[in-house]
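The values are calculated or read from the model by the stated rules, or taken from the named source; none is laboratory data. It should be emphasised that the depicted structure is a prediction, and the values quoted were computed from it without experimental measurement. Please note: Cβ atoms are built from the backbone with ideal geometry, for glycine as well, and neighbour counts cover all protein chains shown. Remember, those area values only see protein heavy atoms, side chains included, never the ligands or the DNA or RNA. Shrake-Rupley method; radii C 1.70, N 1.55, O 1.52, S 1.80 Å.
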Amino acid sequence: MKRYALITGASAGIGKEFAHQLAQKGWNLLLVARREEILKELSEQLKQDYKIDVRYYNADLADTTQPQILYRFCQESNLNIAMLINNAGYGVPGDFENNDWKTHKDNLQVMLNSVVEICHFFYPNMIQQKYGRIINVASLAGFAPPTAGHTLYGGIKSFVVRFSHSLHLEGKKKGVHVTALCPGFTFTEFHDVNGTRQMVSKLPNFMWMKSKKVVKQGIIAVEKNQPVKVNGKINRIIAALSSALPNWVTRMLFAGKTNKYRKR
Ligand SMILES: NC(=O)c1ccc[n+]([C@@H]2O[C@H](COP(=O)([O-])OP(=O)(O)OC[C@H]3O[C@@H](n4cnc5c(N)ncnc54)[C@H](OP(=O)(O)O)[C@@H]3O)[C@@H](O)[C@H]2O)c1
């Protein structure tokens, strides 16, 4: 049975780059996001360029029913999902009280609940086949000290790191590799979508990575079965210091600086 890689958030940025690099490696793909036209065009292009099968499924992952419908779609279409890239995500700028509950709830649904639920649907089949690859795209923000503004983002990404690490330990002897991929600032649509492009463009060049490199490192990390991959030397230093030093020291070192790039 043909193997497929399911990628959420495949219409832009890191997810789109995963689609290209996995297609190049011969993976058949199932692309998931809201923008159907982009998915359709990308599917056609990848099919033509790499002679693989590419399906797409347009879904708003803020809709709590979607993980189950997506799973059913895969079953009915006979798609053997052997790789899962939980990547869809976005930041919500502003202080906690200035965003309504729906905004926070949707954010938790897309970046946290749906990540866990999609894993829960597809992981058992991977165990059964003694083969599976899962990359949950987290962030350096999962390690860095908390910031004011974008209130839930760091907490959600810390959760994704810890959840993925636990799943990694469970999957280890069952043939399923699980990696939390933790990029720092990466050139994608992310900061255009959340309206912080102007603020973050003041960051020095060395803080930025291209999605090509982020994704390449992610694929290598999951093949090696690394539980956590922080992209880039600078980001690894920040993550290591954040984990090793007392909270008051990391807050003093980083928090004042990162606050400059958080929209409130
Ligand atoms: N860029 C960075 O600096 C950075 C750093 C660390 C971590 N990350 C993480 O990397 C991941 C990918 O982000 P990116 O930088 O590639 O951003 P991006 O270019 O804005 O892409 C985000 C993707 O998520 C999809 N998406 C957003 N909301 C969705 C929803 N409700 N339902 C389904 N799909 C949804 C978007 O597709 P549609 O709009 O078509 O639905 C798009 O394909 C995110 O989890 C982000 O937190 C990014």
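Structural remarks
- Per residue, the convex hull volume that the Cα atoms of the stretch 145-193 enclose (Å³): 99 Å³
- Prolate/oblate/rounded label for the stretch 1-148 (Cα gyration tensor, a/c 1.5): prolate
- Less than 5 angstrom separates the built amide H of Arg34 from those of Ala59, all sequence-distant by 5 or more or on a different chain.
- Taken about its Cα centre, the stretch 3-259 carries a charge dipole of about 1140 debye when Lys and Arg each add +1 at the Cβ and Asp and Glu each add -1 at the Cβ.
- Under 5 Å from the amide H of Val228 lie the amide H atoms of Ala180, each residue being 5 or more positions distant or on a separate chain, with H modelled from the backbone and absent for Pro and chain starts.
- Computed label-point distance, nm, for sites His165 and Arg251 using a 7 Å Cα→Cβ extension: 2.2 nm
- The angle separating the long axis of helix 114-129 from the principal Cα axis of greatest extent in the chain is about 40 degrees.
- Residue-normalised accessible area of the chain, given per residue in Å² at a 1.4 Å probe: 50 Å²
- Rounded to the nearest 10 square angstrom, Ile38 shows an accessible area of 60 square angstrom against a 1.4 Å probe.
- The chain, accessible surface, carbon-and-sulfur percent (1.4 angstrom probe): 54 percent
- Here the extension length gained between Phe187 and Lys210 equals 7.7 nm, from 0.36 nm per residue of separation less the Cα-Cα distance.
- Viscosity 1.567 mPa s, temperature 4 °C, Stokes-Einstein D of the stretch 1-55 from Kirkwood C-alpha radius, µm²/s: 121 µm²/s
- Largest to smallest in accessible area, the residues Glu117, Glu223, Glu37 fall in the order Glu37, Glu223, Glu117 (1.4 Å probe, all protein chains included).
- Put a dot 7 Å past the Cα of Ile237, heading toward its Cβ, do the same for Gln24, and the two dots end up 2.9 nm apart.
- Residues whose placed amide H lies under 5 Å from that of Asp95, excluding near-sequence neighbours: none
- Cα-based helix-to-principal-axis angle, 153-171 vs the chain, degrees rounded to 10: 50 degrees
- Between the residues Met126, Leu31, Thr65, the greatest Cα displacement towards the positive end of the dipole of the chain, with unit charges on the Cβ of Lys, Arg, Asp and Glu, is found for Met126.
- The angle separating the long axis of helix 66-76 from the principal Cα axis of greatest extent in the chain is about 20 degrees.
- Per residue Cα convex hull volume in Å³ - calculated over the chain: 121 Å³
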